[in-house]
Amino acid sequence: EAQVTQNPRYLITVTGKKLTVTCSQNMNHEYMSWYRQDPGLGLRQIYYSMNVEVTDKGDVPEGYKVSRKEKRNFPLILESPSPNQTSLYFCASSLLPSQGGKAFFGQGTRLTVV
Amino acid sequence: AQRVTQPEKLLSVFKGAPVELKCNYSYSGSPELFWYVQYSRQRLQLLLRHISRESIKGFTADLNKGETSFHLKKPFAQEEDSAMYYCALNTGNQFYFGTGTSLTVIP
C-alpha cells in the first residue's frame, strides 16, 4: 500500500531538547516536503527536497533542519525547540512538480514544546 | 506573494444547502490545481484535481483561467462534508497551498 509514515504521532518535549520527527515513503517519490499546520494559518511549508541530497527552504524554515540521505526518508530536525514550534506537522511526498500528480500526506505529528 | 487565496477561513451551511468554497490563484503559466480535504483527526487526502474533471463525493470544481479561480462546489451539503478544505496549486516548479477553509454542515 502506498503510504507516507511519520513518527511519532504525538510528542511532548521541553524547550531546547533536540528532537527528530521521521518521515518515510514507499512510492519512490523524488519530491518530499514538511509542513506545519496552525489554526488560521493553514499549511505552511517548512522545507522541501527535490531529490537525495537536495533540500531547500520553504516559507517558514527558521528553527528547523532536514536531511535527505536516502530517497525514502526525509527527517525533520529541531535542534533547539521552542514553544512557538508547538504545532501539527505533516510530511508529504509526490512526483516532482514538473511531472504533475497528487501529494500523499503522512498522518501528522502533534508536537508540544513546553 | 500569496499564490493561493482562500478568502473564507470558516464556512457554515445547513444540511441540504448548496456549498461553494472559494479559491483564487496567482500564476501566469498553465496551472495544475487540486482540492485536498482533511477530516477530523485524519491526514490530508486528495479530493479532486482539475485535470481529471471528475466529481468526488458530489463535489466539483471548474478551473476558470479568466478569473484565476478554482472554486469547489456541491449542490447539497451533507453532515459528513464537515472538514478542512485546502486548495493547492502546482506551478511545475513548486506546490503551494491555501490557508484552508473549515466547513461545518449544520444538521
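The values are calculated or read from the model by the stated rules, or taken from the named source; none is laboratory data. Fair warning: this is a prediction, and the values are worked out from it, not measured in the lab. Quick reminder, even Gly has a Cβ in these numbers, built from the backbone with ideal geometry, and neighbours come from all protein chains shown. These area figures cover heavy atoms from the full protein model, side chains too; ligands, DNA and RNA do not enter into them. Shrake-Rupley method; radii C 1.70, N 1.55, O 1.52, S 1.80 Å.
Comparison of B:LYS57, B:LYS15, B:LYS22, B:LYS65 shows that the only residue that is more than 22 Å from A:PHE90 (Cα to Cα) and in contact with a helix residue (DSSP H, G or I) (Cβ under 7 Å, 6 or more places away or on another chain) is B:LYS15. Looking only at the range A:103-114, which residues are assigned to a strand (DSSP E or B) and more than 14 Å from chain B (Cβ to nearest Cβ)? Residues satisfying the conditions are A:LEU111, A:THR112, A:VAL113.
In the set (1) surrounded by fewer than 16 Cβ atoms within 10 Å (Cβ to Cβ); (2) touching a residue at least 60 places away in the same chain (Cβ under 8 Å), A:MET32 fails one condition alone, (1).
Here A:ASN51 passes the criteria (1) more than 16 Å from A:ARG110 (Cβ to Cβ); (2) at pLDDT below 95; (3) surrounded by 21 or more Cβ atoms within 10 Å (Cβ to Cβ) except the one numbered (3).
Checked against the criterion of being open to solvent by less than 60 Å² (accessible area, probe 1.4 Å) and free of Cβ contacts under 8 Å to residues at least 12 places away in the same chain, the candidates A:GLY58, A:GLY108, A:GLY63, A:GLY42 yield just one match: A:GLY42. If I filter the range B:78-103 down to residues being away from chain A (no Cβ under 14 Å) and over 14 Å from the mean Cα position of the chain (by Cα), which single residue comes out as most open to solvent (accessible area, probe 1.4 Å)? Once the filter is applied, the top-ranked residue is B:GLU80.
Could you list all residues from the range B:60-77 that are part of a strand (DSSP E or B), of a type in the set (A, V, I, L, M, F, W, C) and either surrounded by fewer than 18 Cβ atoms within 10 Å (Cβ to Cβ) or modelled with pLDDT of 95 or more (or both)? Once the filter is applied, which keeps residues that are part of a strand (DSSP E or B), of a type in the set (A, V, I, L, M, F, W, C) and either surrounded by fewer than 18 Cβ atoms within 10 Å (Cβ to Cβ) or modelled with pLDDT of 95 or more (or both), the range B:60-77 yields only B:LEU72.
If you go through the range B:3-58 and keep only what is surrounded by 13 or more Cβ atoms within 10 Å (Cβ to Cβ), in a loop (DSSP other than H, G, I, E, B) and of a type in the set (S, T, N, Q), you end up with B:GLN6, B:SER26, B:GLN42. Residues that are within 11 Å of chain A (Cβ to nearest Cβ) and hydroxyl-bearing (Ser, Thr, Tyr) were ranked within the range B:6-55; the one that is farthest from B:PHE76 (Cα to Cα) is B:SER30.
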